[in-house]
Amino acid sequence: MTTTAHHIEPVAVAPKPTVGSHIRDYLSRVGGGDLGALPAVLGLIVLCVFFAIMKPVFFSAGNFANLFTQGAAVTIIAMGLIFVLLLGEIDLSAGFASGVCAAILAQLMAEQGAPWYLAVLAAIVTGVVIGLVLGFLVAKVGIPSFVVTLAGFLAFQGTVLLLIKGGTNVSIRDDVILAIANKNIVPWLGWVLTIIGIAGYAAVVLLSRRRRAARGLVTEPLAVAVGRIAALAVILGIAVFVLNQERSRNVVVVSLKGVPIVVPIIAALLIIWTFILRRTAYGRHIYAVGGNREAARRAGISVDRIRISVFVICSGMAAIGGIVAASRANSVDANTGGSNVLLYAVGAAVIGGTSLFGGKGRVLDALLGGAVIAVIDNGMGLMGLSSGQKFVFTGVVLLLAAGVDALSRRRAAATGTR
Amino acid sequence: MSVTPLLEARGIDKRFGPVQVLKDVDLTVTPGEVTALVGDNGAGKSTLVKCISGIYPIDAGEFLFDGQPVTIHGPRDAAGLGIEVVYQDLALCDNLDIVQNMFLGRERRSGLVLDEPTMEQMAAETLAGLSVRTVKSLRQHVSSLSGGQRQTVAIAKAVLWNSKVVILDEPTAALGVAQTAQVLELVRRLADRGLAVVLISHNMNDVFAVSDRIAALYLGQMVAQVKTTDVTHAQVVELITAGRSGDLGLAAEKIDNGVEYADTLTTPGAEQ
């Protein structure tokens, strides 16, 4: 604080950051209650080790691929939910909204014989319209989002039933839709995409670092920047390597290897939404409205428009999640998007580190939390535990995550970092 | 002083239903000076500021800016003229950092993407220009700042936009001694840079420490606008509480109204 200031030096008289100061900063942030992704990452590691010990098959390539396809729909819905949670609102209808969109997709293809792209378009448009209606009711009419989306939860459950005409299910036969959650990309393409991803990340990190340095602004040490890139490269490299192993039980009948198609879809959604949230004025305004609505209003931000837009994003993403769920189940039934889908999605966001109180969260949280949920579901399934036991355990983990959120906020308030 | 006033309010009337909150109020704000706006609770200080900043429409009177009559229909008009108000609650987002708060709603972009380096540089220059050296990093969240630092950020945010008039609503009300001194120093520096500063304050020490002129409101009327060096503490307190002090303030027959009014207000309480 009391560094001697030279008269030419600008405001920030903090010493030039080093690797050591970077680590110290991080530790003091964690100590101050800003845990970030730490609980989710630690939880993920603990769970993986636990299940690997209990059931070695958990660590097989086949099961690893399963994890992605199992968790995909919930993760995608959670990504959209994060936008709503950032404003301190909630969308309880996201699960059945995904069901409605999936039912529309399935019915258009089964009854009207629509091509897959038209059906997908219709499903997403449906999601957007649902979001517009919910957002309008919350922002313009002024009904609390909890009530609006609870009504949506009930109504959309009924809509799914009406759409599938009370039948047991509508099967999906279109190859493209089925491929999303059931097929893999060829191994070499997986590597190409990985390399593009790592190179792109490296370019973003290093270029922005150079641009800041050129203006004499404080930059993170090169070692930290390189460390980040290396960490991403290692994680992606291992994941793709494992997924490119042969997973088929009988190679003669069918070969099963490569990254599931749904993985690059999730990666693309993650990149797009992270970009929008972190690098555009719109994203900045979402955080502002979530942090202090009155300040945002006085800054000339159209608060209502932001509030409506996050519901549109949430329901639109729910539509995409619904399509993935339909693809994985090969059909749409009365329970698509129902039972635990919504609660898992909310749980994923919170476990990942997004706050239910608004103003804090990242799209990446959905991925981390979604992974935790998928690992629990998958691991306990492998251990042969009943649904009842699974639900209880997932509930405990969610409570744990929400508890960590609340306690870290209290700690942050006590140490003045929030 | 021979400097032409930057902002002049003439004969401002404002009523809320039957209550006349501002009655024929004149106010002159000069560049390079700190004008302290003082008055008791309910004297109309905040109402006057909200009229100037366009939040409330006025019922009568006019505003002159740089000698030209102007109409202020909303906060955007006021901002367009270069009038910025720092409200008591500061209106900062705790979950955003200093740079993000300073540019909130007016972000710099290159294409679609936020131009963070430019914004950070401009924020750094503004704070350096105000000789603010107390913040550790421009990228720390506002939640981690002290009250004085928050006030500093809010003021720097107002100054960032080449504003000409900065109105500060009780900037030291919630601060400790050291932080108050820091903020007052900053207020002085704003005026020294040629801005016209209006400082609303209850604290006589603050008023005498930094202001060049004092404008005293009493029950919605501007009773005096004097040079700070020409009056004493006691006189200002009298102006605030009684509307007059010796030759200053309301004329005798006018004050009768005021006293009567004040009596009717205070009698019920006195009986208890």
What is the projected area of the convex hull of the Cα atoms of chain B, averaged over all directions, in nm²?
16.8 nm²
In whole Å, what are the extents of the stretch A:97-149 along the principal axes defined by its C-alpha atoms, from largest to smallest?
41, 14, 12
Report the residue, chosen from A:Ala203, A:Ala40, A:Ala326, that carries the largest GNM mean-square fluctuation when chain A is represented by alpha-carbon nodes joined by springs under 10 Å.
A:Ala203
Which percent, to the nearest 5, of DSSP beta bridges fully inside chain B are antiparallel?
60 percent
Decide, for the stretch A:121-216, between rounded, prolate and oblate: order the square roots of the alpha carbon gyration tensor eigenvalues as a ≥ b ≥ c, take rounded if a/c falls under 1.5, and otherwise choose prolate if a/b is larger than b/c, else oblate.
oblate
To the nearest 10 degrees, how steeply does helix A:363-382 sit against the main Cα axis of chain A, on a 0 to 90 scale?
50 degrees
Partner shielding of B:93-104, as the mean number of partner chain Cβ atoms within 10 Å, equals 6
If N is the number of residues in the stretch B:92-162, what value comes out of its Cα radius of gyration divided by 2.2 N^0.38 Å?
1.02
Need the full-extension length gain, A:Leu118 to A:Leu400, defined as separation in residues times 0.36 nm minus the C-alpha distance. One decimal, nm.
97.3 nm
Can you compute the label reach from B:Gln20? Point 7 Å from Cα along the Cβ direction, backbone N cut-off under 16 Å, restricted to the stretch B:29-46.
B:43-44
Helix-only [θ]222 nm of chain B, DSSP H runs n ≥ 4, -39500 (n - 2.57) each, per residue, nearest 500:
-11000 deg cm²/dmol
With no solvent and one equal point scatterer per Cα, compute the Debye intensity ratio I(q)/I(0) for the stretch B:10-91 at 0.13 Å⁻¹ and report its log10, rounded to two decimals.
-0.41
Take the Cα atoms of the protein assembly as shown, find their three principal axes, and give me the spread along each one in whole Å, biggest first.
107, 59, 50
Let's test the formula: R0 of 25 Å, r as the Cβ-Cβ distance of A:Arg173 and A:Val125. What FRET efficiency results, to the nearest 0.05?
0.65
Per-residue ellipticity at 222 nm for chain A, helices alone: DSSP H runs ≥ 4 residues times -39500 (n - 2.57), over residue total, nearest 500 deg cm²/dmol?
-24000 deg cm²/dmol
In range of the label at B:Ala173: residues from the stretch B:16-37 whose backbone nitrogen is under 17 Å from the point 7 Å along Cα→Cβ:
B:36-37
Name the residue from A:Val303, A:Leu206, A:Ile286 whose Cα lies farthest towards the positive end of the charge dipole of chain A, charges +1 on Cβ of Lys and Arg and -1 on Cβ of Asp and Glu.
A:Leu206
Longest principal axis of chain A (C-alpha) makes with the long axis of helix A:222-243 (C-alpha) an angle, in degrees to the nearest 10, of 20 degrees
By DSSP, what percent of the beta bridges with both residues in the protein assembly as shown are antiparallel, rounded to the nearest 5?
60 percent
Which parts of the stretch A:243-257 would a label at A:Trp188 reach, counting a residue when its backbone N lies under 18 Å from a point 7 Å out along Cα-to-Cβ?
A:244-246, A:256-257
Any idea what angle helix A:38-54 forms with the longest principal axis of chain A, computed on alpha-carbon atoms, 0 to 90 degrees, nearest 10?
50 degrees
Just how large is the dipole of chain B about the Cα centre, in debye to the nearest 20, putting +1 at every Lys and Arg Cβ and -1 at every Asp and Glu Cβ?
800 debye
Expected max-MSF residue from B:Ala181, B:Ala216, B:Ala91 in the GNM of chain B (alpha carbon, under 10 Å) is B:Ala91
Determine the shielding of peptide A:217-223 by partner chains: average, over its residues, the number of Cβ atoms on other chains within 10 angstrom of each Cβ.
2
Among A:Thr336, A:Ala412, A:Ile180, which residue has its Cα positioned farthest towards the positive end of the charge dipole of chain A, with +1 placed on the Cβ of Lys and Arg, -1 on the Cβ of Asp and Glu, and the dipole taken about the Cα centre?
A:Ala412
Rounded to the nearest 20 debye, what is the charge dipole size of chain A about its Cα centre when +1 sits on each Lys and Arg Cβ and -1 on each Asp and Glu Cβ?
1100 debye
Relative contact order (%) - the stretch B:92-162, alpha-carbon pairs under 8 angstrom, separation at least six:
45 percent
Are there chymotrypsin sites (Phe, Trp or Tyr not before Pro) in the stretch A:251-289 that DSSP marks as loop and that have at most 12 other Cβ atoms within 10 Å, and which are they?
none
Just subtract the alpha-carbon distance of A:Arg24 and A:Phe391 from 0.36 nm times their residue separation and send over the number in nm, one decimal.
128.2 nm
Taking the simple approach of a point 7 Å from Cα along Cα-to-Cβ for both A:Leu407 and B:Asp59, what is their distance in nm?
5.9 nm
Between the stretch B:121-142 and the stretch A:78-113, how far is it from one alpha carbon centroid to the other, in angstrom?
44 Å
Expressed in angstrom and rounded, the centroid-to-centroid distance over alpha carbons for the stretch B:59-86 and the stretch A:372-386 is 65 Å
Using only atoms on other chains, find how many Cβ atoms lie within 10 Å of each Cβ of peptide A:284-295 and report the average.
6
Projected label distance in nm at B:Ala181 and A:Phe50, using a 7 Å step from Cα toward the beta-carbon
5.6 nm
Expressed as a fraction of 2.2 N^0.38 Å, the rule-of-thumb size for a compact globular protein of N residues, what is the C-alpha radius of gyration of the stretch A:191-252?
1.59
Given Cβ point charges of +1 (Lys, Arg) and -1 (Asp, Glu) and nothing else, what value in debye, to the nearest 20, does the dipole of the stretch A:330-418 about its Cα centre take?
500 debye
Most positive-pole-ward Cα, B:Gly61, B:Cys93, B:Gly105, against dipole of the stretch B:56-119 from beta carbon charges:
B:Gly105
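Each value in this text was obtained by applying a stated rule to the coordinates, not by laboratory testing. The structure displayed is predicted, hence computed values, not measured ones. With ideal geometry, Cβ positions are generated from the backbone for all residues, glycine too; neighbour counts draw on all protein chains shown.
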